[in-house]
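Here the structure is laid out as structure tokens; the discussion comes afterwards.
The values are calculated or read from the model by the stated rules, or taken from the named source; none is laboratory data. Keep in mind it's a predicted model, so treat the numbers as computed, not measured. Cβ sites come from the backbone with ideal geometry, for glycine too, and all protein chains shown count toward neighbours.
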Amino acid sequence: MIDFNNASFVKLRPVNDNAFEKMVAPILVSGEEIANCFQSIRDGVVFTNNRIITINIQGITGKKKDFTSLPFSKIQAFSVETAGAFDLDSELELWFSGMGRIKLEFIGATDVAYLCKMISEKVL
């Protein structure tokens, strides 16, 4: 489970939507589809049409994995910081009802506007 007091996924880069497909397929519900996938060194974040799934790969071998499901319906607010001229990273902060806040930091040319639009369509 994510530690909401220190929840930060840093330096996420876009990867193919099938990068985490085998890992999350067993927990997807009927009609749920992967929209975007992002990866740090080992961990990942998967945006579906219903929720955000964070994947924390643990241990030396990486066989142990922690999956946290964050439904769009529980998002109370979100904030986005786009990349600038000197700071090429962007950030997305999400506040979840009854749980707390998580921060996702993206590198490079991540389309955070698309992520915001997708989240807005689900929470507004």
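Residue pairs whose Cβ atoms lie under 6 Å apart, sitting 6 or more positions apart in sequence or on different chains, and linking a residue in the range 110-121 that is in contact (Cβ under 8 Å) with a residue 40 or more places away in the chain to a partner that is crowded, with 16+ Cβ neighbours inside 10 Å, are Thr110/Pro14; Thr110/Ser90; Ile119/Phe78. Looking across the range 11-40, just one residue is modelled with pLDDT under 90 and part of a strand (DSSP E or B), and that is Lys11. Per the listing Glu105, Glu81, Glu91, the residue uniquely among the acidic types (Asp, Glu), on the phi < 0 side of the Ramachandran plot and over 14 Å from the mean Cα position of the chain (by Cα) is Glu81.
Going through Lys65, Lys122, Lys117 one at a time, which residue ends up being surrounded by 12 or more Cβ atoms within 10 Å (Cβ to Cβ), of a type in the set (D, E, K, R) and outside any strand (DSSP E or B)? Matching residue, one of Lys65, Lys122, Lys117: Lys122.
Name the single residue, out of those in the range 42-66 being touching a strand residue (DSSP E or B) at 6+ places or on another chain (Cβ under 8 Å) and aliphatic (A, V, I, L, M), that is nearest to Arg13 (Cα to Cα). In this case the residue turns out to be Val45.
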